[in-house]
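*Asks:* Have a look at this one.
The values are calculated or read from the model by the stated rules, or taken from the named source; none is laboratory data. Here the structure is a predicted model, which is why all the values come from computation and not from measurement. Reconstructed Cβ throughout: ideal geometry from the backbone, glycine too, with neighbour counts over all protein chains shown.
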There are 2 protein chains.
Amino acid sequence: MQETNSVGIVAAQTAHFAQPLTLKSGAVLPQFDLVYETYGSLNADKSNAVLICHALSGTHHVAGKYSADDKYPGWWDNLIGPNKPLDTNKFFVIGVNNLGGCHGSTGSASTNPATGQPWGAQFPVVTVEDWVASQAMLADYLGIKQLAAVVGGSLGGMQAMQWTLAYPERVCHALVIASAPNLTAQNMAFNEVARQAIITDPEFHGGDYYAHGVVPRRGLRIARMLGHITYLSDDAMGAKFGRKLKDGIHYSFDAEFEMESYLRYQGDKFAGEFDANTYLRMTRALDYYDPALSFNNDLSLAFKQVKAAFLVVSFTSDWRFSPARSREIVKALLDNERTVSYAEVTAAHGHDAFLMPDAHYHEILRTYLNKVQV
Amino acid sequence: MQETNSVGIVAAQTAHFAQPLTLKSGAVLPQFDLVYETYGSLNADKSNAVLICHALSGTHHVAGKYSADDKYPGWWDNLIGPNKPLDTNKFFVIGVNNLGGCHGSTGSASTNPATGQPWGAQFPVVTVEDWVASQAMLADYLGIKQLAAVVGGSLGGMQAMQWTLAYPERVCHALVIASAPNLTAQNMAFNEVARQAIITDPEFHGGDYYAHGVVPRRGLRIARMLGHITYLSDDAMGAKFGRKLKDGIHYSFDAEFEMESYLRYQGDKFAGEFDANTYLRMTRALDYYDPALSFNNDLSLAFKQVKAAFLVVSFTSDWRFSPARSREIVKALLDNERTVSYAEVTAAHGHDAFLMPDAHYHEILRTYLNKVQV
């Protein structure tokens, strides 16, 4: 496969922050690490940095590979690289693993300096606001005063939005994709079922499973299977699997339909890789994010402080973060006479569409990013 | 509360079938019981019988109460009674618990005569076709050659449909409500997640938990919580709960949002009452039902044998059994020049709307049933 437009072999770096961080909950992290990757070069006046914020199960490994024979590139590799829509010839791109994550940044599996044991259940509940605060510390660490853009899909889009609220002077453009200004009750309900599957797994041990040498694999597997249903549209599942049987009906509870094998595979894979405490915290951060809450539920009031220009993108078949939710963001920006472009992309893939290399979608991003001045 | 239009105090009866029943899977039930209730009086020529088929968690207790101080009437009590839309002054109404159920009909918790132990995992996987075959045996038992109508919502609607296919001469009218000619991949996926939550519960013991004196309560609870999300529309959940907090944000994984308390309550309640093996079998019957499958996936071909007249009803906010699925049934009937009325009811309650006493919906049923000749 031709890889001339890949960022190539990449390596993660770690930034250590020795100063305490007070979280929105009031809890204090005495110190923490953020693991991150960068692609492209920071220009002389440090004006070309683009921060990528990840969603529920994402990581700092956004583009490139870790070795020549690495089969899996970063999760948004189709978007980021030389001459790709997010062009690393122009931009210095930063991927970061969020606080509470399980891919290198400080989280529940990390050592609590006060005890010498894993944080486990004691690791605080982190919020979108906390992530953005820690990401701003990473920007400081890299000497970046202002980001050319913050880009994110889904929960990542909430972080991009929050950047424009918390640090209006520090972000020129926010690309908010397949996102929403808060979760609907239905979305929160799916999160609650996923969390309950994990928490009631006998091997969860109240979140301190590390000490028991087990992981709540059953619960995490159920959570992921459920998640996958909501990432795809009904039509996409129909097109991909429909009612296709593997080899006929056997009147059993085995995986007889292809869709069942797919879900079990995805669940098993995830349960072997991801940390349950991180899953709990990522979904809770999603639940809590609601910038309008302290503005009498008026998003337009909340957005008064925004200075960044926005690109908002939604996908027609996304029933978890529907176009109507993106339009709420657009409306709040227009109410404040801010600069916003909005694209509603016709796509069959549901919420997952934001990760797909759809030509129309990518062209929208390319066109927008081409105009971003650095 | 005025109860002049209640069927009053009712009692369940049991029909024992001593002859073996060969199921669609090839498995043979050597004998079985069906528990049922009746409301109203069978007329002299036995032409006024209406069979009610229940959905996933329904029972034979469709209307009336078991005692004067019984708080909870049957599950479709708002529909059935003297002068109600399904008028027991006119009709003899039969409710029956399906084979494999856990409310009195033979199922996994029943004694396997071959072993003297509960059937457990050995109880066969039953299908919609098997239920209808056993219901026809119950009609024989009651001396009823032809049903004035078969009525069902959701999975119950599938049984009403199947009656018109398996016994075209024995059913005059089929009322198929909030149903579909088969499940979509998304629907089957929700079933699969629910089943996997049950099956991977350590207390499931391969389906033979009775012998261990436990029940897979955690898994059944998760299954029910998930089910509840899909019975309500996103809008209905928004209207009912929205993002309402119980008493503020506590940065915990406790039930902080009202919706979370609701789901946990529903899950706990169900897990204490329902049998997990029944849940597995009900969902599998839903998955398998697909009358077009043996007709080259052509529902119109499958419906050639239908003689009954149909009333098909769907609800605008039902995303689990959408109006489009009901229209497939209508189309297949029209392709065969059968008599069909179709109503798409504007309703906010999602799939659950079929159980609600919506005035417009009930008027549709009343008008249709008034015209049924007995």
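*Asks:* Exactly one condition in (1) under 20 Å from A:Asp234 (Cα atoms); (2) crowded, with 23+ Cβ neighbours inside 10 Å; (3) away from chain B (no Cβ under 14 Å) is not met by A:Arg320; state its number.
*Replies:* A:Arg320 satisfies all of (1) under 20 Å from A:Asp234 (Cα atoms); (2) crowded, with 23+ Cβ neighbours inside 10 Å; (3) away from chain B (no Cβ under 14 Å) except (3).
*Asks:* Just give me the residues in region B:13-39 being in contact (Cβ under 8 Å) with a residue 60 or more places away in the chain and within 14 Å of chain A (Cβ to nearest Cβ), in sequence order.
*Replies:* Matches in region B:13-39: B:Leu23, B:Lys24, B:Ser25, B:Ala27, B:Leu29.
*Asks:* Go through region B:12-28 and give me each residue that's part of a loop (DSSP other than H, G, I, E, B) and under 16 Å from B:Asn98 (Cα atoms).
*Replies:* Hits for region B:12-28 are B:Ala12, B:Leu23, B:Lys24.
*Asks:* Follow-up. Within region B:213-223, restricting attention to residues that are among the charged types (D, E, K, R) and crowded, with 24+ Cβ neighbours inside 10 Å, which residue is nearest to the other protein chains (Cβ to nearest Cβ)? Let's see the steps before the verdict.
*Replies:* First, the residues of region B:213-223 that are among the charged types (D, E, K, R): B:217-218, B:221.
With crowded, with 24+ Cβ neighbours inside 10 Å added as a condition, the list becomes B:218, B:221.
Working: B:Arg218: 5, B:Arg221: 7 Å.
Out of the qualifying residues, it is B:Arg218.
*Asks:* Then there's this: If you take the residues of region A:258-294 that are within 16 Å of A:Trp131 (Cβ to Cβ) and aromatic (Phe, Trp, Tyr), which of them is farthest from the chain's Cα centre (by Cα)?
*Replies:* A:Tyr288
*Asks:* Something else about it: Among the residues of region A:53-62, is there at least one that is part of a loop (DSSP other than H, G, I, E, B), without any contact (Cβ under 8 Å) to a residue 40 or more places away in the chain, under 20 Å from A:Ala160 (Cβ atoms) and of a type in the set (A, V, I, L, M)?
*Replies:* Filtering region A:53-62 down to residues part of a loop (DSSP other than H, G, I, E, B) leaves A:54-62.
Those left that are additionally without any contact (Cβ under 8 Å) to a residue 40 or more places away in the chain: A:62.
Among the residues that remain, those that are also under 20 Å from A:Ala160 (Cβ atoms) are: A:62.
In the following step, the residues that additionally are of a type in the set (A, V, I, L, M) were identified as A:62.
Yes: region A:53-62 contains one or more residues that are part of a loop (DSSP other than H, G, I, E, B), without any contact (Cβ under 8 Å) to a residue 40 or more places away in the chain, under 20 Å from A:Ala160 (Cβ atoms) and of a type in the set (A, V, I, L, M).
*Asks:* Only helices (runs of 4 or more DSSP H) wholly contained in region B:247-364 count here; list those with 2 or more residues that are charged (D, E, K, R) and touching a residue at least 24 places away in the same chain (Cβ under 8 Å). If you could, list the steps in order and put the result at the bottom.
*Replies:* Numbers: elements: B:258-271, B:276-288, B:299-302, B:323-335.
The qualifying helices (runs of 4 or more DSSP H) are B:258-271, B:276-288, B:323-335.
*Asks:* Right, another one. Anything in region B:229-253 that is more than 23 Å from B:His351 (Cβ to Cβ) and within 10 Å of chain A (Cβ to nearest Cβ)? List them, or say none.
*Replies:* Hits for region B:229-253 are B:Leu245, B:Ile249, B:His250, B:Tyr251, B:Ser252, B:Phe253.
*Asks:* OK, next. Look at region B:51-104 and say how many of its residues are closer than 19 Å to B:Ala139 by Cβ and in contact with a Leu (Cβ under 6 Å, 6 or more places away or on another chain).
*Replies:* 6
*Asks:* Another question, if that's okay. Would region B:89-104 turn up any residue that is free of Cβ contacts under 8 Å to residues at least 40 places away in the same chain, of a type in the set (Lys, Arg) and on the phi < 0 side of the Ramachandran plot? Reasoning before the result, please.
*Replies:* Quick first cut of region B:89-104, residues free of Cβ contacts under 8 Å to residues at least 40 places away in the same chain only: none.
The answer is no, given that none of the residues of region B:89-104 is free of Cβ contacts under 8 Å to residues at least 40 places away in the same chain, of a type in the set (Lys, Arg) and on the phi < 0 side of the Ramachandran plot.
*Asks:* Looking at region A:198-210, is at least one residue modelled with pLDDT of 95 or more, more than 12 Å from A:Leu280 (Cα to Cα), facing chain B (nearest Cβ under 7 Å) and crowded, with 23+ Cβ neighbours inside 10 Å?
*Replies:* no
*Asks:* Out of all the residues in region A:309-316, is one or more in contact with a His (Cβ under 6 Å, 6 or more places away or on another chain), closer than 28 Å to A:Gln146 by Cβ and more than 14 Å from every other protein chain (Cβ to nearest Cβ)?
*Replies:* Start the filter on region A:309-316 by keeping residues that are in contact with a His (Cβ under 6 Å, 6 or more places away or on another chain), which leaves A:309.
Add one more test, that the residue is closer than 28 Å to A:Gln146 by Cβ, and what stays is A:309.
Imposing the further condition that a residue be more than 14 Å from every other protein chain (Cβ to nearest Cβ) reduces the set to A:309.
The answer is yes; a qualifying residue exists.
*Asks:* For region A:226-260, give me each residue that is hydroxyl-bearing (Ser, Thr, Tyr) and either buried (at least 16 other Cβ atoms within 10 Å of the Cβ) or modelled with pLDDT under 95 (or both). It would help to see each step written out before you state the result.
*Replies:* Let us first name the residues in region A:226-260 that are hydroxyl-bearing (Ser, Thr, Tyr), namely A:230-231, A:233, A:251-252.
Result: A:Thr230, A:Tyr231, A:Ser233, A:Tyr251.
*Asks:* Now for a different question. Would you confirm whether any residue within region B:148-155 is more than 14 Å from chain A (Cβ to nearest Cβ), more than 22 Å from B:Trp119 (Cα to Cα), crowded, with 23+ Cβ neighbours inside 10 Å and of a type in the set (Val, Ile, Thr)?
*Replies:* yes
*Asks:* Name the single residue that is nearest to A:His103 (Cα to Cα) among those in region A:65-88 being of a type in the set (D, E, K, R) and in contact with a Lys or Arg (Cβ under 9 Å, 6 or more places away or on another chain).
*Replies:* Step one: of region A:65-88, the residues of a type in the set (D, E, K, R) are A:65, A:69-71, A:77, A:84, A:87.
From the residues that got through so far, the ones that are in contact with a Lys or Arg (Cβ under 9 Å, 6 or more places away or on another chain) too are A:65, A:71, A:77, A:84, A:87.
Details: A:Lys65: 15, A:Lys71: 18, A:Asp77: 18, A:Lys84: 26, A:Asp87: 25 Å.
Within region A:65-88, the match that is nearest to A:His103 (Cα to Cα) is A:Lys65.
*Asks:* Also, quick follow-up: Among the candidates A:Ser67, A:Ser105, which residue alone is surrounded by fewer than 24 Cβ atoms within 10 Å (Cβ to Cβ) and in a loop (DSSP other than H, G, I, E, B)? Reasoning before the result, please.
*Replies:* Details: A:Ser105 fails: surrounded by fewer than 24 Cβ atoms within 10 Å (Cβ to Cβ).
When all the criteria are applied, what remains is A:Ser67.
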